[in-house]
Amino acid sequence: MAGRKTAPPPARPPVRKRRGAALLTAALAGVLLVVALLSAGVGAYEIPTGDVLASVQHRTGLGGAALDRVGESVLWNVRLPRVVLALLVGSSLGCAGALMQGVFGNPLAEPGVIGISAGSAVGAVASIGLGLSFFGNWTITACAFVSGLVTVGSVYLLSRSGGKTEVVTLILTGIAVNAFAGALIGLFVFFADSGQVNQITFWQLGSLAQATWPKVLAVLPCALTGLLIAPFYAGKLDLLALGERPARHLGIEVERLRLTLILVVALLTAAAVAVAGVITFVGLLVPHLLRMANGPGHRFLVPGSALAGAVVLLAGDLAARTIAAPAELPLGVLTALIGSPFFFWLLRRTRRKQGGWA
(Lines give C-alpha, C1' and ligand atoms only; values in the text may rest on other atoms or scores of the structure.)
Protein backbone atom coordinates (compact mmCIF):
# COMPACT_ATOMS: atom_id res chain seq x y z
CA MET A 1 0.00 0.00 0.00
CA ALA A 2 1.32 3.42 -1.01
CA GLY A 3 2.64 5.56 1.80
CA ARG A 4 2.92 2.65 4.22
CA LYS A 5 6.36 2.02 5.59
CA THR A 6 7.59 -1.45 6.32
CA ALA A 7 9.80 -2.37 9.22
CA PRO A 8 13.49 -2.18 8.35
CA PRO A 9 15.64 -5.24 8.92
CA PRO A 10 16.59 -5.14 12.61
CA ALA A 11 20.14 -4.04 13.27
CA ARG A 12 22.52 -6.77 14.34
CA PRO A 13 23.77 -6.39 17.90
CA PRO A 14 27.44 -5.46 18.39
CA VAL A 15 29.98 -8.27 18.30
CA ARG A 16 30.68 -7.86 22.02
CA LYS A 17 26.97 -8.24 22.83
CA ARG A 18 26.67 -11.34 20.64
CA ARG A 19 29.73 -12.87 22.25
CA GLY A 20 28.40 -12.07 25.73
CA ALA A 21 25.02 -13.60 24.88
CA ALA A 22 26.69 -16.75 23.54
CA LEU A 23 28.86 -17.13 26.65
CA LEU A 24 25.91 -16.53 28.96
CA THR A 25 23.80 -19.06 27.05
CA ALA A 26 26.57 -21.65 27.29
CA ALA A 27 26.98 -20.98 31.02
CA LEU A 28 23.23 -21.33 31.63
CA ALA A 29 23.12 -24.56 29.63
CA GLY A 30 26.03 -25.95 31.65
CA VAL A 31 24.44 -25.00 34.97
CA LEU A 32 21.14 -26.50 33.81
CA LEU A 33 22.81 -29.82 33.00
CA VAL A 34 24.58 -29.94 36.39
CA VAL A 35 21.42 -29.06 38.35
CA ALA A 36 19.37 -31.59 36.35
CA LEU A 37 21.86 -34.37 37.17
CA LEU A 38 21.87 -33.39 40.84
CA SER A 39 18.06 -33.31 40.94
CA ALA A 40 17.88 -36.75 39.37
CA GLY A 41 20.30 -38.23 41.91
CA VAL A 42 19.71 -36.41 45.20
CA GLY A 43 16.94 -37.48 47.56
CA ALA A 44 15.95 -40.05 50.15
CA TYR A 45 17.25 -42.71 47.79
CA GLU A 46 20.67 -41.48 46.60
CA ILE A 47 21.70 -42.26 43.03
CA PRO A 48 25.28 -41.31 42.05
CA THR A 49 25.59 -39.05 39.00
CA GLY A 50 27.54 -41.72 37.13
CA ASP A 51 24.72 -44.19 37.66
CA VAL A 52 22.16 -41.66 36.44
CA LEU A 53 24.14 -41.16 33.23
CA ALA A 54 24.64 -44.91 32.82
CA SER A 55 20.90 -45.57 33.18
CA VAL A 56 20.01 -42.85 30.67
CA GLN A 57 22.56 -44.25 28.23
CA HIS A 58 21.13 -47.74 28.72
CA ARG A 59 17.54 -46.56 28.09
CA THR A 60 18.57 -44.69 24.94
CA GLY A 61 20.63 -47.58 23.55
CA LEU A 62 23.99 -45.82 23.89
CA GLY A 63 25.64 -48.31 26.23
CA GLY A 64 25.70 -47.81 29.96
CA ALA A 65 23.98 -50.16 32.36
CA ALA A 66 20.66 -50.43 34.12
CA LEU A 67 20.37 -49.79 37.86
CA ASP A 68 18.84 -52.21 40.33
CA ARG A 69 15.05 -52.52 40.30
CA VAL A 70 14.46 -49.90 43.03
CA GLY A 71 16.95 -47.47 41.53
CA GLU A 72 15.40 -47.71 38.06
CA SER A 73 11.92 -47.18 39.48
CA VAL A 74 12.94 -44.16 41.56
CA LEU A 75 14.88 -42.56 38.71
CA TRP A 76 12.40 -43.09 35.87
CA ASN A 77 9.08 -42.96 37.70
CA VAL A 78 9.78 -40.29 40.33
CA ARG A 79 12.88 -38.17 39.70
CA LEU A 80 13.06 -37.72 35.93
CA PRO A 81 9.37 -36.79 35.45
CA ARG A 82 9.88 -34.14 38.12
CA VAL A 83 13.06 -32.85 36.48
CA VAL A 84 11.43 -32.61 33.05
CA LEU A 85 8.29 -30.97 34.46
CA ALA A 86 10.44 -28.40 36.30
CA LEU A 87 12.26 -27.64 33.03
CA LEU A 88 9.00 -27.13 31.15
CA VAL A 89 7.28 -25.06 33.85
CA GLY A 90 10.35 -22.92 34.56
CA SER A 91 11.07 -22.20 30.91
CA SER A 92 7.40 -21.38 30.30
CA LEU A 93 7.23 -18.93 33.20
CA GLY A 94 10.57 -17.31 32.36
CA CYS A 95 9.71 -16.85 28.69
CA ALA A 96 6.21 -15.58 29.53
CA GLY A 97 7.72 -12.99 31.88
CA ALA A 98 10.08 -11.68 29.21
CA LEU A 99 7.22 -11.42 26.71
CA MET A 100 4.96 -9.63 29.19
CA GLN A 101 7.61 -7.07 30.04
CA GLY A 102 8.27 -6.49 26.36
CA VAL A 103 4.58 -6.15 25.44
CA PHE A 104 3.80 -3.80 28.32
CA GLY A 105 7.07 -1.90 28.14
CA ASN A 106 7.24 -2.25 31.92
CA PRO A 107 9.89 -4.21 33.86
CA LEU A 108 7.36 -4.80 36.65
CA ALA A 109 5.00 -6.74 34.40
CA GLU A 110 4.55 -10.48 34.82
CA PRO A 111 1.95 -13.03 33.65
CA GLY A 112 -0.09 -12.61 36.83
CA VAL A 113 -0.72 -8.94 35.98
CA ILE A 114 -3.44 -9.82 33.47
CA GLY A 115 -5.06 -12.44 35.66
CA ILE A 116 -3.78 -15.69 34.12
CA SER A 117 -2.48 -17.18 37.37
CA ALA A 118 -5.50 -16.07 39.41
CA GLY A 119 -7.90 -17.28 36.71
CA SER A 120 -6.22 -20.69 36.61
CA ALA A 121 -6.41 -20.84 40.40
CA VAL A 122 -10.17 -20.17 40.28
CA GLY A 123 -10.67 -23.10 37.91
CA ALA A 124 -8.59 -25.44 40.06
CA VAL A 125 -10.20 -24.32 43.33
CA ALA A 126 -13.69 -24.57 41.83
CA SER A 127 -13.07 -28.13 40.65
CA ILE A 128 -11.85 -29.09 44.14
CA GLY A 129 -14.56 -27.23 46.05
CA LEU A 130 -17.38 -28.54 43.86
CA GLY A 131 -16.01 -32.08 43.85
CA LEU A 132 -15.82 -32.24 40.02
CA SER A 133 -14.36 -35.39 38.52
CA PHE A 134 -15.49 -35.54 34.90
CA PHE A 135 -11.89 -35.95 33.68
CA GLY A 136 -10.78 -38.20 36.53
CA ASN A 137 -7.32 -37.25 37.83
CA TRP A 138 -7.06 -34.64 35.07
CA THR A 139 -10.07 -32.59 36.22
CA ILE A 140 -8.12 -30.02 38.26
CA THR A 141 -5.50 -29.57 35.54
CA ALA A 142 -8.10 -29.19 32.78
CA CYS A 143 -10.23 -26.73 34.77
CA ALA A 144 -7.18 -24.62 35.69
CA PHE A 145 -5.97 -24.48 32.08
CA VAL A 146 -9.35 -23.57 30.57
CA SER A 147 -10.10 -21.05 33.32
CA GLY A 148 -6.74 -19.32 32.79
CA LEU A 149 -7.34 -18.95 29.05
CA VAL A 150 -10.91 -17.72 29.59
CA THR A 151 -9.70 -15.17 32.13
CA VAL A 152 -7.04 -13.64 29.90
CA GLY A 153 -9.53 -13.52 27.01
CA SER A 154 -12.01 -11.70 29.25
CA VAL A 155 -9.36 -9.21 30.39
CA TYR A 156 -8.43 -8.47 26.79
CA LEU A 157 -12.04 -8.00 25.66
CA LEU A 158 -12.91 -5.82 28.65
CA SER A 159 -9.85 -3.66 27.97
CA ARG A 160 -10.62 -3.18 24.29
CA SER A 161 -12.17 0.12 23.24
CA GLY A 162 -12.41 1.73 19.83
CA GLY A 163 -10.72 -1.26 18.17
CA LYS A 164 -7.58 -1.09 20.30
CA THR A 165 -6.28 -1.77 23.79
CA GLU A 166 -4.08 0.44 25.93
CA VAL A 167 -1.44 -0.87 28.29
CA VAL A 168 -2.79 1.07 31.28
CA THR A 169 -6.32 -0.24 30.68
CA LEU A 170 -5.04 -3.81 30.40
CA ILE A 171 -3.14 -3.52 33.68
CA LEU A 172 -6.04 -1.92 35.57
CA THR A 173 -8.49 -4.49 34.20
CA GLY A 174 -6.10 -7.24 35.23
CA ILE A 175 -5.96 -5.82 38.76
CA ALA A 176 -9.77 -5.82 38.96
CA VAL A 177 -10.01 -9.37 37.62
CA ASN A 178 -7.32 -10.55 40.06
CA ALA A 179 -9.33 -9.07 42.94
CA PHE A 180 -12.52 -10.73 41.70
CA ALA A 181 -10.71 -14.05 41.29
CA GLY A 182 -9.38 -13.75 44.84
CA ALA A 183 -12.91 -13.21 46.11
CA LEU A 184 -14.16 -16.31 44.25
CA ILE A 185 -11.33 -18.38 45.70
CA GLY A 186 -12.23 -17.12 49.17
CA LEU A 187 -15.85 -18.16 48.69
CA PHE A 188 -14.91 -21.67 47.57
CA VAL A 189 -12.57 -22.02 50.55
CA PHE A 190 -15.31 -20.78 52.92
CA PHE A 191 -17.80 -23.41 51.75
CA ALA A 192 -15.29 -26.26 51.38
CA ASP A 193 -14.83 -29.00 53.96
CA SER A 194 -11.53 -29.50 55.79
CA GLY A 195 -10.20 -32.04 53.29
CA GLN A 196 -10.96 -29.78 50.35
CA VAL A 197 -9.42 -26.79 52.15
CA ASN A 198 -6.19 -28.73 52.61
CA GLN A 199 -6.15 -29.71 48.94
CA ILE A 200 -6.87 -26.13 47.82
CA THR A 201 -4.14 -24.75 50.09
CA PHE A 202 -1.59 -27.27 48.86
CA TRP A 203 -2.40 -26.48 45.23
CA GLN A 204 -2.15 -22.72 45.74
CA LEU A 205 1.26 -23.03 47.39
CA GLY A 206 2.73 -24.53 44.20
CA SER A 207 4.57 -27.83 44.00
CA LEU A 208 6.00 -30.40 41.61
CA ALA A 209 5.56 -33.25 44.08
CA GLN A 210 2.82 -34.85 41.97
CA ALA A 211 4.91 -34.92 38.78
CA THR A 212 4.27 -37.87 36.47
CA TRP A 213 5.01 -38.61 32.83
CA PRO A 214 1.34 -38.04 31.88
CA LYS A 215 1.54 -34.54 33.43
CA VAL A 216 4.72 -33.90 31.46
CA LEU A 217 2.92 -34.93 28.26
CA ALA A 218 -0.03 -32.72 29.20
CA VAL A 219 2.06 -29.54 29.46
CA LEU A 220 4.54 -30.42 26.70
CA PRO A 221 2.47 -29.37 23.61
CA CYS A 222 1.50 -25.98 25.09
CA ALA A 223 4.99 -25.26 26.40
CA LEU A 224 6.75 -26.23 23.16
CA THR A 225 4.28 -24.27 21.03
CA GLY A 226 4.76 -21.10 23.07
CA LEU A 227 8.53 -21.50 23.38
CA LEU A 228 8.94 -22.05 19.63
CA ILE A 229 6.72 -19.11 18.64
CA ALA A 230 8.11 -16.53 21.07
CA PRO A 231 11.63 -15.99 19.58
CA PHE A 232 10.15 -15.05 16.18
CA TYR A 233 8.72 -11.88 17.76
CA ALA A 234 11.95 -10.77 19.44
CA GLY A 235 12.82 -8.26 16.70
CA LYS A 236 9.34 -6.72 16.81
CA LEU A 237 9.57 -6.38 20.59
CA ASP A 238 12.83 -4.46 20.15
CA LEU A 239 11.01 -2.05 17.82
CA LEU A 240 8.05 -1.82 20.20
CA ALA A 241 10.47 -0.76 22.94
CA LEU A 242 10.94 2.49 20.99
CA GLY A 243 7.29 3.34 21.71
CA GLU A 244 3.97 2.50 20.06
CA ARG A 245 4.00 5.44 17.65
CA PRO A 246 7.55 4.84 16.33
CA ALA A 247 6.78 1.12 16.08
CA ARG A 248 3.68 1.82 13.97
CA HIS A 249 5.71 4.19 11.82
CA LEU A 250 8.19 1.36 11.21
CA GLY A 251 5.41 -0.96 10.05
CA ILE A 252 4.62 -2.90 13.24
CA GLU A 253 0.94 -3.69 13.73
CA VAL A 254 1.03 -3.04 17.45
CA GLU A 255 -2.46 -4.30 18.22
CA ARG A 256 -1.96 -7.59 16.40
CA LEU A 257 1.46 -8.05 18.00
CA ARG A 258 0.06 -7.40 21.47
CA LEU A 259 -2.85 -9.82 20.99
CA THR A 260 -0.61 -12.56 19.60
CA LEU A 261 1.91 -12.33 22.40
CA ILE A 262 -0.75 -12.14 25.11
CA LEU A 263 -2.17 -15.39 23.72
CA VAL A 264 1.31 -16.96 23.77
CA VAL A 265 1.80 -15.79 27.37
CA ALA A 266 -1.62 -17.19 28.29
CA LEU A 267 -0.76 -20.55 26.71
CA LEU A 268 2.58 -20.79 28.53
CA THR A 269 1.35 -19.59 31.92
CA ALA A 270 -1.96 -21.43 32.04
CA ALA A 271 -0.25 -24.71 31.17
CA ALA A 272 2.44 -24.17 33.83
CA VAL A 273 -0.02 -23.15 36.56
CA ALA A 274 -2.38 -26.01 35.70
CA VAL A 275 0.22 -28.68 36.48
CA ALA A 276 2.31 -26.96 39.18
CA GLY A 277 0.00 -24.55 40.98
CA VAL A 278 0.80 -20.88 41.59
CA ILE A 279 4.57 -20.23 41.48
CA THR A 280 5.49 -16.56 41.73
CA PHE A 281 8.45 -14.31 40.90
CA VAL A 282 10.10 -16.56 38.27
CA GLY A 283 8.57 -14.62 35.37
CA LEU A 284 9.33 -11.31 37.07
CA LEU A 285 12.92 -11.72 38.25
CA VAL A 286 14.53 -13.90 35.58
CA PRO A 287 14.20 -11.31 32.74
CA HIS A 288 15.48 -8.63 35.15
CA LEU A 289 18.63 -10.61 35.89
CA LEU A 290 19.33 -11.23 32.22
CA ARG A 291 18.86 -7.54 31.37
CA MET A 292 21.40 -6.69 34.04
CA ALA A 293 23.80 -9.25 32.58
CA ASN A 294 23.42 -8.62 28.83
CA GLY A 295 21.15 -5.63 28.16
CA PRO A 296 17.54 -5.35 26.98
CA GLY A 297 17.77 -6.92 23.51
CA HIS A 298 14.96 -9.44 23.09
CA ARG A 299 16.83 -11.72 20.69
CA PHE A 300 18.73 -13.06 23.67
CA LEU A 301 16.28 -12.07 26.41
CA VAL A 302 13.33 -14.20 25.23
CA PRO A 303 15.11 -17.57 24.75
CA GLY A 304 17.56 -16.72 27.55
CA SER A 305 14.69 -16.18 29.99
CA ALA A 306 13.29 -19.59 29.09
CA LEU A 307 16.66 -21.22 29.77
CA ALA A 308 17.28 -19.27 32.99
CA GLY A 309 13.71 -19.90 34.17
CA ALA A 310 14.31 -23.63 33.82
CA VAL A 311 17.53 -23.33 35.86
CA VAL A 312 15.85 -21.30 38.61
CA LEU A 313 12.81 -23.56 38.98
CA LEU A 314 14.84 -26.77 38.85
CA ALA A 315 17.24 -25.44 41.50
CA GLY A 316 14.30 -24.20 43.58
CA ASP A 317 12.60 -27.59 43.42
CA LEU A 318 15.83 -29.32 44.46
CA ALA A 319 16.12 -26.95 47.42
CA ALA A 320 12.44 -27.36 48.32
CA ARG A 321 12.74 -31.11 48.76
CA THR A 322 16.16 -31.21 50.44
CA ILE A 323 16.35 -28.19 52.81
CA ALA A 324 13.87 -29.63 55.33
CA ALA A 325 14.16 -33.33 54.38
CA PRO A 326 12.30 -35.60 54.86
CA ALA A 327 9.62 -32.88 54.72
CA GLU A 328 9.18 -30.91 51.51
CA LEU A 329 8.70 -27.14 51.35
CA PRO A 330 6.07 -25.81 48.90
CA LEU A 331 7.91 -24.58 45.84
CA GLY A 332 5.74 -21.47 45.44
CA VAL A 333 6.48 -20.46 49.04
CA LEU A 334 10.22 -20.89 48.52
CA THR A 335 10.30 -18.80 45.32
CA ALA A 336 8.31 -16.06 47.06
CA LEU A 337 10.58 -16.10 50.13
CA ILE A 338 13.68 -15.70 47.97
CA GLY A 339 12.15 -13.60 45.21
CA SER A 340 10.41 -10.89 47.21
CA PRO A 341 13.46 -9.50 49.07
CA PHE A 342 15.53 -9.82 45.91
CA PHE A 343 12.89 -7.89 43.99
CA PHE A 344 12.87 -5.20 46.69
CA TRP A 345 16.64 -4.87 46.32
CA LEU A 346 16.26 -4.69 42.56
CA LEU A 347 13.58 -2.02 42.89
CA ARG A 348 15.78 0.11 45.16
CA ARG A 349 18.76 -0.35 42.85
CA THR A 350 16.79 0.72 39.77
CA ARG A 351 15.30 3.72 41.56
CA ARG A 352 18.71 4.85 42.81
CA LYS A 353 20.25 4.39 39.36
CA GLN A 354 17.54 6.50 37.72
CA GLY A 355 17.58 9.16 40.43
CA GLY A 356 13.96 8.53 41.46
CA TRP A 357 10.74 7.75 39.63
CA ALA A 358 9.45 11.29 39.11
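Tabulated data
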read-out: Output for region 125-141, where each listed residue is closer than 15 Å to PHE190 by Cα and assigned to a helix (DSSP H, G or I); value: VAL125, ALA126, SER127, ILE128, GLY129
read-out: Failed item in (1) in a helix (DSSP H, G or I); (2) of a type outside the set (Phe, Trp, Tyr); (3) within 13 Å of SER91 (Cβ to Cβ), with ILE279 passing the rest; value: (1)
read-out: Selected residue (only one of ALA336, ALA315, ALA327 is surrounded by fewer than 20 Cβ atoms within 10 Å (Cβ to Cβ), modelled with pLDDT of 90 or more and small (Gly, Ala, Ser)); value: ALA315
read-out: Filter result (part of a helix (DSSP H, G or I) and buried (at least 18 other Cβ atoms within 10 Å of the Cβ)) within region 234-257; value: ALA234, LYS236, LEU237, ASP238, LEU239, LEU240, ALA247, VAL254, LEU257
read-out: Residues (over 18 Å from THR212 (Cα atoms) and crowded, with 17+ Cβ neighbours inside 10 Å) located in region 55-87; value: SER55, GLY64, LEU67
read-out: Meets criteria (over 13 Å from VAL265 (Cβ atoms) and not assigned by TED's automatic domain parsing to the domain that holds LEU331) for SER91; value: yes
read-out: Residues within region 24-54 that are hydroxyl-bearing (Ser, Thr, Tyr), assigned to a helix (DSSP H, G or I) and more than 19 Å from GLY316 (Cβ to Cβ), tallied; value: 2
read-out: The listed residue being in contact (Cβ under 8 Å) with a residue 24 or more places away in the chain and more than 21 Å from THR141 (Cα to Cα), out of PRO296, PRO246; value: PRO296
read-out: Selection status of ARG351, at pLDDT below 85, of a type outside the set (A, V, I, L, M, F, W, C), surrounded by fewer than 20 Cβ atoms within 10 Å (Cβ to Cβ) and assigned to a helix (DSSP H, G or I); value: yes
read-out: So VAL84, is it on the phi < 0 side of the Ramachandran plot and either of a type in the set (D, E, K, R) or touching a Lys or Arg at 6+ places or on another chain (Cβ under 7 Å) (or both); value: no
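The values are calculated or read from the model by the stated rules, or taken from the named source; none is laboratory data. What you see is a predicted model, and the numbers here were worked out from it, not measured in a lab. Positions of Cβ are backbone-derived with ideal geometry, glycine not excepted, and every protein chain shown enters the neighbour counts.
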